[in-house]
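Reviewing the structure listed below.
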Amino acid sequence: MAKRWTQDAAQFVGKDSWAFEALKELLVQERGLDLEAYKESCIYRRIFLRVRSSGHENLGSYYRALVRDPEELDRLFQYLTIHVTEFFRNPAAYDYLKRRILPKILLESRNAAKLRIWSVGCSSGEEPYSLAMLMLKARDELGVSTPFTILATDIDEKILKKGKKGYYSGDSLKNVGPRDLVRYFVQEGDGYQVKEELAKVINFRQANILTDRPGHRKNLIVCRNLLIYLSRPRQEKVIKRFSDFLVPSGHLMLGKAETLIGQNRIYFHNISPVERIYRKREVPLEIEET
Ligand SMILES: C[S@@+](CC[C@H](N)C(=O)[O-])C[C@H]1O[C@@H](n2cnc3c(N)ncnc32)[C@H](O)[C@@H]1O
């Protein structure tokens, strides 16, 4: 069924291949989004759905309207980049991070000037705020005072604004325990505002994981539910970049349905195959000749 769906969407896009090429060009130029890096099936489906829901019969007529309507370009960009997220998404993974990884990172780096975490493809901020809560608590529990920062990046500037604002509905905070809610949020109107203690450790910044560099090397990179949308060669390239951007023995955490692929296994130890946590090898494994 899903295969049929993908074929239909591919045919729909293929009928107006000139418009697809022009649309790709427009997205690169206007939003820095290179659709070539993403899985074709996913892109075709999303474009098909967006064209149909905006009332157009075919991609050609949609494209002609799109070039005259910057707001629709925004909507398409948002739709293609997929912002689904939540606080402590897949709680078991965060639990593992809290119990097994953060204490290790904090104790090993207790004499470091600063500890650096990077939340890649952070969407509207729920992920970096979840990480910040865990870090603040882990520091208290271990009696470690090493300062830390979380760089939170996303390709979409608009979605980052929500993260910077730090205001969330009560419903979206369902995975945040009652004690953390009181400690890190203030109720305002119908929602909750992140307190300064949490906000000040996070630095939100627009960046494209395919092209931009994060500055200082990181102790922990968290990139969840982004790689899954990329084509296989790009996934491989991005994971290699992560190994370059980590400190020696730094940790990498991926999403529940993501894993190391191809040659990337030479750069990382597999710490938790279930929770998708990896540790950079001191020295990459030698590639076996075939
Ligand atoms: C599904 S959300 C994942 C949010 C969060 N990491 C989580 O797991 O809940 C994927 C995010 O990746 C961002 N993204 C997609 N392509 C990107 C790229 N090339 N560079 C940086 N961010 C990207 C999207 O804008 C979106 O906010």
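The values are calculated or read from the model by the stated rules, or taken from the named source; none is laboratory data. In this text, all values refer to a predicted model and were calculated from it rather than measured experimentally. Please note: Cβ atoms are built from the backbone with ideal geometry, for glycine as well, and neighbour counts cover all protein chains shown. Side chains are part of the model used for accessible areas, which takes the heavy atoms of the whole protein and leaves out ligands, DNA and RNA. Shrake-Rupley method; radii C 1.70, N 1.55, O 1.52, S 1.80 Å.
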Distance in nm between label sites at Ser169 and His269, each 7 Å beyond Cα in the beta-carbon direction?
-> 4.4 nm
Which residues in segment 7-29 have a backbone N closer than 19 Å to a point placed 7 Å from the Cα of Ser41 along the Cα-to-Cβ line?
-> 7-14
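Where the eigenvalues come from the Cα gyration tensor of segment 91-280, what are the semi-axes √(5λ) of the equivalent ellipsoid, largest first, in whole Å?
Values: eigenvalues 134, 78, 46 Å².
The three semi-axes for segment 91-280 are 26, 20, 15 Å.
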Skip the ligands, DNA and RNA, and give the accessible area per residue of the chain with a 1.4 Å probe, whole Å².
-> 51 Å²
Taking the dipole about the Cα centre of the chain, with the C-beta of Lys and Arg at +1 and of Asp and Glu at -1, give me whichever of Tyr129, Ser53, Thr153 is farthest to the positive side.
-> Tyr129
Output ³J(HN,Hα) for segment 201-209: one whole-Hz value per residue in order, computed from phi by the Karplus curve 6.51 cos²θ - 1.76 cosθ + 1.60 with θ = phi - 60°, and x for Gly and Pro.
-> 8, 10, 10, 7, 8, 6, 7, 9, 5
How much length is gained on full extension from Glu141 to Asp74, taking 0.36 nm per residue of separation minus their Cα-Cα distance?
-> 19.7 nm
What spacing in nm lies between the two simple spin-label points modelled at Asp244 and Arg99, each 7 Å away from Cα in the Cβ direction?
-> 3.7 nm
Near the amide H of Gly250, under 5 Å away, which other amide H atoms are found, from residues 5 or more places off or on another chain, if H is placed in the peptide plane?
-> Lys280
Counting only residues 5 or more places away or on other chains, whose amide H sits under 5 Å from the amide H of Leu230 once H atoms are built in the peptide plane?
-> Lys39
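Just the C-alpha atoms of segment 146-196: what Rg/Rh do they give, with Rh taken as the Kirkwood radius?
Values: Rg = 12.4 Å, Rh = 12.3 Å.
For segment 146-196, the value is 1.01.
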Candidates Ser124, Ser53, Ser231: whichever shows maximal mean-square fluctuation once the chain is modelled as a Gaussian network with Cα springs under 10 Å = Ser53
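Taking 51 Å as R0, compute the FRET efficiency from the Cβ-Cβ separation of Lys15 and Arg205 and round it to 0.05.
Details: r = 39 Å, r/R0 = 0.77.
In this case the efficiency is close to 0.85.
Stretch Ala92-Ala2 to full length: gain in nm at 0.36 nm per residue minus the Cα-Cα span? Kindly include the intermediate steps, with their values, before the conclusion.
Values: separation 90, 0.36 × 90 = 32.40 nm, distance 2.91 nm.
In short, 29.5 nm is gained.
Tell me the carbon and sulfur percent of the accessible area for the chain, rounded to whole percent, probe radius 1.4 Å.
Working: 7210 of 14690 Å².
That fraction is 49 percent.
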State the Cα centre-to-centre distance between segment 120-171 and segment 192-224 in whole Å.
-> 7 Å
Tail fraction, Cα-Cα pairs, segment 1-102, threshold 23 Å, whole percent = 36 percent
Sorted by chain and number, the residues with a modelled amide H under 5 Å from that of Phe185, at a separation of 5 or more or across chains, are Lys195
Just grab the label-to-label distance for Lys237 and Ser53, each label 7 Å out from Cα along the Cβ direction, in nm (one decimal).
-> 2.9 nm
With θ set to phi - 60° and the Karplus curve 6.51 cos²θ - 1.76 cosθ + 1.60, what are the ³J(HN,Hα) couplings of segment 171-188 in order, to the nearest whole Hz, using x for Gly and Pro?
-> 4, 6, 9, 4, 8, 8, x, x, 5, 5, 4, 6, 6, 10, 10, 10, 6, 9
Karplus-derived HN-Hα couplings along segment 23-31 (A = 6.51, B = -1.76, C = 1.60, θ = phi - 60°), whole Hz, x at Gly and Pro | 5, 4, 4, 4, 5, 5, 5, 8, 10
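Let's see if you can work this out: charge +1 on each Lys and Arg Cβ, -1 on each Asp and Glu Cβ, no other charges. What is the dipole magnitude of the chain about its Cα centre, in debye to the nearest 20?
Working: 49 positive and 38 negative charges, 140 e Å.
Here the chain has a charge dipole of around 680 debye.
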Taking the Cα centre of segment 48-131 as the origin, how large is its charge dipole in debye, to the nearest 20, when only Lys and Arg (+1) and Asp and Glu (-1) carry charge on their Cβ atoms?
-> 500 debye
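Specify whether the C-alpha gyration tensor of segment 204-244 places it in the rounded, prolate or oblate class, a ≥ b ≥ c being the square roots of the eigenvalues: rounded for a/c under 1.5, otherwise prolate if a/b is larger than b/c and oblate if not. It would help to have the intermediate numbers written out before the result.
Working: a/c = 1.65, a/b = 1.45, b/c = 1.13.
Note, shape of segment 204-244 comes out prolate.
Please state the charge dipole magnitude for segment 219-290, taken about the Cα centre, from unit charges on C-beta atoms (+1 on K and R, -1 on D and E), reported in debye and rounded to the nearest 20.
Numbers: 12 positive and 8 negative charges, 70 e Å.
The dipole magnitude comes to about 340 debye.
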